Structure formats: C-alpha cells, structure tokens
Amino acid sequence: MKRSAKTVILTRSKAGNRAWAPYIRDMGLEVYDAPAITTRARMLTAEEKTIIGMLQTFDWIVYTSGAGVRHFHEAVVEAGAPWPPVGPRVAVVGAQTSRVAAGARLPVYFQPTKSDSATLAQELPNVHGARILLPRTTLASGELETALRRRGGIVTALSVYETHIVTTPDTTLLAMVQSGSIGACVFASPSAVAGFCQRVTEPCESLVRHVPAVAIGPGVADVLRSNGFVDVHICREPSIGGVIEVLHQLFG
C-alpha cells in the first residue's frame, strides 16, 4: 500500500546517513537524520601499532564498512606509515564501502557478488595461507574472521574504532512520531536499533513500533521484532540498493 507520510528516518552514524540520504531524496522522499550510533577512533596499543608498521607483510586488507576505511586511514597516517599501504590487495564488502575506499585512494581488487560478510568470506580468492588484516569496530562479530580461518587464512583482526549508541532523546523526532509524519525507519545494525529505542521515549515509543521498519538483513530484523516492531521489511540485498528497493515497495 502506498504510504502518505513521506519522511524516512535514517539511524546510522552521521557519516553513514550522509552517504545514504541522497539516494532516498532522489526518490522524492524527505530524510530525517537521527543517528543512533556514533563511531570514534580508539587508542591502539603498542602491539597494534606494530601491526600497522608491517602492512606490507599482508596479502589482503578486508574492509567491511566505510567507517573501517576512514578510521584505519587515520590510524595509519597517525602511525607515520605510508598511505595507501604498499603490498596488500584491498577487498571490500560492497559498493558503498568501495566508494569510501576510492575516496581514500585505495584501489579495490575484490568485491563479492552480494554485499554481506558471509558472501565475502566465501568468494574472497586465494585465501589458503594468505595473511589477512581485518580493520573493524570493537562491536564486530567474529563470523568473518572465523570463516576465513576455516578456509586456511591467517587472519589478524584489528579494532581501529569504537561504536557507541546514542541515547539522548530527540525532541524533533518525538514530534514527528506523534504527528504521524514518518513513513519508514531504516536500520543497518543491531546497535542502531538499540540506540533508536533509547532516543524515542514514551508515549512515542509505542507509536513508533507500528511505523514500517526497514532492516538491512535478517539479523537486524530479528532485533527489531524482539524490540516490539510489528511491521518489519527485510532488504534482499544488504546495501543502499536493497533499502531503495524496499522503499519503492512501501511508497510506490
């Protein structure tokens, strides 16, 4: 059914929302920036800095997010190591991460046919015996790391940034919930769901759970349902393209 409310709520980090907003506005929809997570660089240990000094010994650097690219870039430059790293090939999880990599002057050698970590782990070539570096957030699951090790990869996971949920109530967002002007909310991670649920207080908390919620994948959809959302739509492709497809179905 075509929806009359035309505002889409984005709940990624500020940088993530900025990356997705133009695609949604191109549909003729309005976007409200409601970041539910924030990222920041973490202080690396002496051992972790040593890893950055040995980037030329790796065969692959695998990025699973644009934030990973940005924060790893910062860490390498701060350590005084050359950028772009000389030696390892670059793999990215999807098109959005690829665009961030290109902006950071990283030539992308590999991108999987589907934008998710499971497909990346299955399709990354020449894994057996390869030294693989995974720059990531402190909240990252170990699934990609484990899958690559099962294929014989020698994997080093390096947490270069922290992800924190935003809990401050958003008065503008609350007013939009009460007025019924929200057409859909988009969620790209379980942490974004957690932050959003803390930013929306009662009585709006009950109302917003009936707004269509767009989940980037099944895992996020499960978290939404466990938090009481009753109208959950799962993207077939875990990317902005998948989000746009769902929004077309919702808004016509």
message: Give me a comma-separated list of calculated 3J(HN,Hα) values for the range 20-25, in order, Karplus coefficients 6.51, -1.76, 1.60 applied at θ = phi - 60°, integers in Hz, x for any Gly or Pro.
response: 8, 4, x, 5, 6, 5
- prompt: What percentages, rounded to whole numbers, describe P(r) for the range 189-251 computed over all alpha carbon pairs with 5 Å bin width beginning at zero?
  reply: 4, 19, 29, 24, 17, 7, 1
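Taking the mean number of other Cβ atoms within 10 Å as a proxy for protection, how do you rank 12-19, 126-133 from highest to lowest?
On the way: 12-19: 19.5, 126-133: 16.5.
By packing density, highest mean first, the sequence is 12-19, 126-133.
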query: Gain in length, A79 to V108, computed as 0.36 nm per residue apart minus the alpha-carbon separation, to one decimal in nm?
result: 8.2 nm
- request: Please give the residues of the range 115-152, grouped as numeric ranges, whose backbone N is less than 17 Å from a label point set 7 Å along the Cα-to-Cβ vector of H164.
  value: 137-140
task: Run through every distinct alpha carbon pair of the range 144-218 and return the Kirkwood hydrodynamic radius in angstroms, one decimal place.
output: 14.8 Å
field: Backbone HN-Hα couplings from phi across the range 97-111 [Karplus 6.51/-1.76/1.60, Hz, Gly and Pro as x]
entry: 5, 4, 5, 5, 4, 4, x, 9, 6, 9, x, 8, 8, 9, 9
query: Which three lengths, in whole Å and largest first, does the chain cover when its Cα atoms are put on their principal axes?
result: 56, 33, 31
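What is the local net charge at A81, summed over the other residues whose Cβ is closer than 13 Å to its Cβ (Lys, Arg +1; Asp, Glu -1)?
Numbers: positive: K49; negative: E48, E74, E78.
Its environment carries a net charge of -2.
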- prompt: Among residues other than P35 whose Cβ falls under 14 Å from its Cβ, what is the net charge (Lys/Arg +1, Asp/Glu -1)?
  reply: +3
Crossing angle, helix 190-199 versus the chain [Cα axis fit, 0-90 degrees, rounded to tens]: 40 degrees
D231-E205 FRET efficiency (beta carbon distance; Förster radius 25 Å; 0.05 resolution): 0.95
- line: Any residue on another chain or 5+ positions along whose placed amide H is under 5 Å from the amide H of Y32 is listed here as V8, I9, L10
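Taking 35 Å as R0, compute the FRET efficiency from the Cβ-Cβ separation of D59 and R25 and round it to 0.05. If you can, show how the numbers build up before the last one.
Details: r = 40 Å, r/R0 = 1.15.
Computed FRET efficiency for D59 and R25: 0.30.
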task: Please report the relative contact order for the chain, taking Cα pairs under 8 Å with a sequence separation of at least 6, and give it as a percent rounded to a whole number.
output: 23 percent
message: Show me, for the range 59-68, the HN-Hα J-couplings you get by feeding each phi into the Karplus relation (A = 6.51, B = -1.76, C = 1.60, θ = phi - 60°), rounded to Hz, glycine and proline as x.
response: 8, 9, 10, 10, 9, 10, 6, x, 4, x
task: Enter the per residue convex hull volume of the range 40-164, computed from alpha-carbon coordinates, in Å³ rounded to the nearest integer.
output: 95 Å³
message: What does the charge count around L106 come to, taking other residues whose C-beta lies under 14 Å from its C-beta (Lys +1, Arg +1, Asp -1, Glu -1)?
response: +3
- request: Fewest Cβ neighbours within 10 Å first, please rank M176, M27 accordingly.
  value: M27, M176
- prompt: Arranged from highest to lowest average of other beta-carbon atoms within 10 Å per residue, in what order do the peptides 225-234, 134-143 appear?
  reply: 134-143, 225-234
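Provide the percentage of antiparallel DSSP beta bridges, counting only those with both residues in the chain; round to the nearest 5.
Numbers: 5 of 34 bridges.
For the chain, the DSSP antiparallel bridge percentage is about 15.
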query: What whole number of Å gives the distance from the Cα centroid of the range 183-237 to the Cα centroid of the range 15-51?
result: 18 Å
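None of the figures in this text is laboratory data; all of them are computed from the coordinates on show. Values in this document were obtained by computation on a predicted structure and should not be read as measured data. Here the Cβ is made from the backbone with ideal geometry for all residues, glycine too, and neighbour counts use every protein chain on show.
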